[in-house]
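The values are calculated or read from the model by the stated rules, or taken from the named source; none is laboratory data. For clarity, every value in this text was computed on a predicted model and none was experimentally measured. Don't worry about glycine lacking a Cβ; one is built from the backbone with ideal geometry, like all the others, and counts go over all protein chains shown. Accessible surface areas use protein heavy atoms only, side chains included; no ligands, DNA or RNA. Shrake-Rupley method; radii C 1.70, N 1.55, O 1.52, S 1.80 Å.
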There are 2 protein chains.
Amino acid sequence: MSGDNRPIGIFDSGIGGLTVLHAVGELLPAENLVYLGDTARVPYGTKSRETVIRYAMEDARFLLSKNVKAVVVACNSAAATSMETLRAKFDVPVIGVIEAGVEQAMNVSAQGKIGVIGTYATIGSGRYETLIRERGAVSVISQACPLFVPLAEEGWTDNGIAMDTAQIYLRPFMDGAVDSLILGCTHYPLLEKTIGAVCGESVTLVNSAKAVAMRLKETLTAGNLLCVSGEGKRAYYVTDSPERAHAVGSRFLGEEMGDNLQLVDLMEFAE
Amino acid sequence: MSGDNRPIGIFDSGIGGLTVLHAVGELLPAENLVYLGDTARVPYGTKSRETVIRYAMEDARFLLSKNVKAVVVACNSAAATSMETLRAKFDVPVIGVIEAGVEQAMNVSAQGKIGVIGTYATIGSGRYETLIRERGAVSVISQACPLFVPLAEEGWTDNGIAMDTAQIYLRPFMDGAVDSLILGCTHYPLLEKTIGAVCGESVTLVNSAKAVAMRLKETLTAGNLLCVSGEGKRAYYVTDSPERAHAVGSRFLGEEMGDNLQLVDLMEFAE
């Protein structure tokens, strides 16, 4: 028995979600993975709720056209707005990066004092705060860190500028204010070392990419959908500029993307 | 005689072009100005050439529906790709931020050693380099500075991080390598002080926003299109999230946007 050989679909507004694909590949090496980065319309965070839901539906429809057995919403903006709509419309399991990160933070937190960092759009949506409070946290502190994305894209992840920037943004989490901190943006795992150095040992960092991979594994196991002895094939799709995605993508992926990267037009997946 | 009272139209992919509107308002205080920021589709820089041209055409059609007498292309990505198409399709003068910046740099440069900074997309387009070489420059050095945009948006324009970042990005322009430097992105005028401090007195900074305002004035004067005693009215349009545009916009504008900011749907201006 090789189990369910259908691929897992992962989508993001851009290439940051490749950190999620990387974490899924580490935890579930046999699974075939299909990635969609909507690079023509990145970022989703500055767009209205209605627009983001529409885009997320198109992304998911594209992945389902590739016969995926589950959909991972790696994009925080889509996960903050579209989970209910996606679950109502599609029959496969839909796993979101925000719910997974919150669950993991509650599991590792000793005192229930949770911090979360993300883009302005993610923090402004209030979705992390709402879910964390629903889970009974003692306190929640959130902070937008907009410079972290370009720092990660530049590869400036552990120089003095990254350290100084982290020291400004992470000040609200110092002196025991939180005991765990959710990295609520797909780009942030690249800065994990610097963020950890600034926060110190008393704060446990929650890498949303790894958290979503763990939740995916649980869901596939429960639904008897695991692929036990597959080949771990990869297919990457972007909606604009494959050259650029190729150049930056390997930094997020932690390996070469090879020649499995294709341009796709989502027009036919619009409703 | 009050001259030609029709407004001047200015468009950008986002809110950065408000630095251009500000410069135009300073130089031509009587003119009525209409601004369009295509915030639903920002940034243009990561999109394909064909897509940017299509968007630029929609932006210009919207402005012409407001009866503008001239169109200013404040967006570097649009100015790098769409000037010929815009001029072929529309009868009003079309002024682009790149041509204006290059002209100004050649005017102020003593030795013809020109530098240019911008986003990855602008620098990668090669448009500045091509125009500068056509004008007979001795040498051209260009450098992408992607962190400058979020620094400007955060208001971190003269702190230690801005200074350290500028020192890394501006290294190619040191030690007499250039005598003038074009700020080839609408966000960069906010960092003018820090960039000037790092480059030193031997490098003349060319603020593209001011350059395009001067070129616009020349063009309107030559075409007998100046408004001599108008009211200097303002109307701002964005394609998504007016609240966000309002919050960040005043920093770029250098004044309050008031209640003249409206949401617009460009759908009807598509071809």
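A few comments on the model shown:
- The range A:160-170, subset surrounded by 15 or more Cβ atoms within 10 Å (Cβ to Cβ) and of a type outside the set (A, V, I, L, M), residue farthest from the other protein chains (Cβ to nearest Cβ): A:Tyr169
- Elements of type strands (runs of 3 or more DSSP E) in the range A:196-271, at least 3 residues being modelled with pLDDT of 95 or more: A:204-207, A:234-238
- Identity of the residue in the range B:33-53, at pLDDT 90 or above and out of contact with any Gly (no Cβ under 6 Å at 6 or more places or on another chain), that ends up farthest from the other protein chains (Cβ to nearest Cβ): B:Leu33
- Residue match in the range A:257-270 (condition: polar (S, T, N, Q) and farther than 18 Å from B:Ser48 by Cβ): yes
- Residue in the range B:229-238 that is free of Cβ contacts under 8 Å to residues at least 12 places away in the same chain and out of contact with any Lys or Arg (no Cβ under 9 Å at 6 or more places or on another chain) present: no
- Subset tally (residues that are in a strand (DSSP E or B) and of a type in the set (A, V, I, L, M)) for the range B:106-146: 6
Residue-by-condition table, conditions (1) within 14 Å of chain B (Cβ to nearest Cβ); (2) among the hydroxyl-bearing types (Ser, Thr, Tyr):
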site	(1), (2)
A:Gly96	no, no
A:Val102	no, no
A:Ile123	yes, no
A:Gly126	no, no
A:Thr130	no, yes
A:Glu134	no, no
A:Leu147	yes, no
A:Ala152	yes, no
A:Ile182	no, no
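- Picking from residues in the range A:220-254 that are open to solvent by 40 Å² or more (accessible area, probe 1.4 Å) and β-branched (Val, Ile, Thr), the one that is nearest to A:Lys69 (Cα to Cα) is A:Thr221.
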